[in-house]
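Some notes on the structure that comes next.
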Amino acid sequence: MEKNIALLPGDGVGPEVTRQAVKVLNAIGAIFDHKFNFNTGLIGASAIGQTGNPFPKETEQLCMSSDAILFGAIGDPKYDNDPKAKIRPEQGLLAMRSKLGLFANLRPVTNYKGLEHMSPLKNDRLQNIDLVVFRELTGGIYFGRPSGRSEDGNTAFDTCTYSKEEIERISKLAFEAAQGRKKKVTLVDKANVMATSRLWRETVKEVAENYPDVMLDFMFIDSAAMKLIQQPAYFDIILTENLFGDILTDEASVLSGSLGMLPSASVGEKYKLFEPIHGAFTRVAGKNKANPIGAILSAALLLELAFNAKNEAIAVRKAVEQALTEGYGTEDINHGTPSSTEDFGNIVVEIMNNDNMVDFNPLTII
Ligand code: IPM
Ligand code: MN
């Protein structure tokens, strides 16, 4: 197959980690006889610097005319420390999610043999973790209007809004995915307090009737936050709104040992975007130290979900797992002799090329 991929490296460590993902995709192309054409676009702080807009029109067009989008990271401490900044890099990410209609963000969480010591959790809690968070991505408090300040500036407000339709479309995806997995969906909400959460419960119950083979349960966000570290293996699919999903997935990343490990897919009716869940991590940017696994596993998700290339995706996941088993890893997960970002990417490619992978239990993602 021949496919066009929009490449949006973004800020901070984004460019160096996406470079590894591109390397891996090119190696997959050579092994499986596919051609991937990459076209680069600006986004985030780097786009503000060059165009004044964190999601320029050209980037939007590039995304819309590509078969899939591979994105790095966004953010710059310059803006974090300036609450008065009118244009912020994050606006680019939110505009992209909204304009491309990427309403479902899938964040698979697993852990790796040999990396248990990187997690603050006790070893026995880390067995059999295989969950996917389905985070609603284009609604809720991130996008609700009105949002702002009172005239005197002493009061601030945000609005959380959800429509039935917004809840239904992501719920269907979650139930369909559950059918191919452990057949359990946990809706995480705050229905004891929030009206939007009560609409979520009502709507998800209705959707569930069409999936009688899938078990549905409900959990309040506070309790789910606790359960996630107390008994992470309890979960199969967590279905939740935008803000709760954002918070829970950072929490979930400690199960895998590092925020740098987790990939994600953001999907809508028309477009699909793949990105590691970590941010720009400016402190290590340009130092060839960032963990590229989140980006590389995002490339695996891209192969599977955008191009329906399941074997290719498995080859990438196996190679990552093999590299970790052999003791390779960047400094966040390897305190002995860490690999550089580039080296880790090269090792993954080398393993794929040699196809000398030992017996594996390929990671189930979705
Ligand atoms: C994420 C990030 C973003 C979010 C930020 C950068 C706006 O934390 O993708 O999880 O909150 O959605
Ligand atoms: Mn986040």
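The values are calculated or read from the model by the stated rules, or taken from the named source; none is laboratory data. Here the structure is a predicted model, which means the values were calculated and not measured. For neighbour counting, all protein chains shown are included, and Cβ atoms are generated from backbone atoms with ideal geometry for every residue, glycine included. All accessible areas refer to the heavy atoms of the entire protein, side chains included, with ligands and DNA or RNA removed. Shrake-Rupley method; radii C 1.70, N 1.55, O 1.52, S 1.80 Å.
Solvent exposure of residue 335, expressed as accessible area, is near 140 Å², computed with a probe of 1.4 Å over the protein chains only. May I ask which residue of 308, 298, 216 lies farthest towards the positive end of the charge dipole of the chain, with charges of +1 (Lys, Arg) and -1 (Asp, Glu) on Cβ and the Cα centre as origin? Going by the charge dipole, the pick is 216. Ignoring lysines fewer than eight residues from residue 122 along the same chain, the ones with Cα atoms less than 19 angstrom from its Cα are 113, 227.
Exposed loop sites are taken as GluC sites (Glu not before Pro) in a DSSP loop (any state but H, G, I, E or B) with at most 12 other beta carbon atoms within 10 Å; the longest stretch of the chain without one runs 1-150. At a probe radius of 1.4 angstrom, the accessible area of the chain per residue rounds to 43 square angstrom.
Placing unit charges on the Cβ atoms only, positive for Lys and Arg and negative for Asp and Glu, gives the stretch 266-363 a dipole magnitude near 340 debye about its Cα centre.
Taking each of 78/190; 99/310; 23/205; 23/99; 3/164 in turn, the alpha-carbon distance tops 32 angstrom for 78/190; 23/205; 3/164. Of the solvent-accessible surface of the chain, computed with a 1.4 Å probe and all protein chains present, 49% belongs to carbon and sulfur.
Would the stretch 87-214 count as rounded, prolate or oblate if I go by the C-alpha gyration tensor, calling it rounded below 1.5 in a/c and otherwise prolate when a/b exceeds b/c, oblate otherwise? Here the stretch 87-214 falls in the oblate category. When the Gaussian network model of the chain links Cα atoms closer than 10 Å, the mean-square fluctuations of 223, 197, 119 top out at 223. Charges on Cβ only, +1 for Lys and Arg, -1 for Asp and Glu, centred on the Cα centroid of the chain; of 247, 50, 341, which one is farthest towards the dipole's positive end? The one lying farthest along the dipole's positive direction is 50. Charged side chains reduced to their Cβ positions (Lys and Arg at +1, Asp and Glu at -1) give the chain a dipole of some 320 debye around its Cα centre. Amide H neighbours of residue 274 under 5 Å, at least 5 residues apart or on other chains, H built in the peptide plane: list them. Amide H neighbours of residue 274: 69, 70, 71, 266.
GNM on the chain, alpha-carbon springs under 10 angstrom: the most fluctuating residue among 105, 354, 242 is 354. Quick one: grab the alpha carbon gyration tensor of the stretch 26-158, order the square roots of its eigenvalues as a ≥ b ≥ c, and give me rounded if a/c is under 1.5, else prolate or oblate depending on whether a/b is larger than b/c. Oblate, since a/c reaches 1.5 and b/c is not below a/b. The shape of the stretch 245-353 comes out oblate: with a ≥ b ≥ c from the C-alpha gyration tensor, a/c is at least 1.5 while a/b does not beat b/c. The residue list 286, 238, 260 was ranked by how far each Cα lies along the charge dipole of the stretch 224-294 toward its positive end, using unit charges on Cβ atoms, and 286 comes out on top. Of the residues 213, 332, 82, the one that moves most in a GNM of the chain with alpha-carbon contacts below 10 Å is 82.
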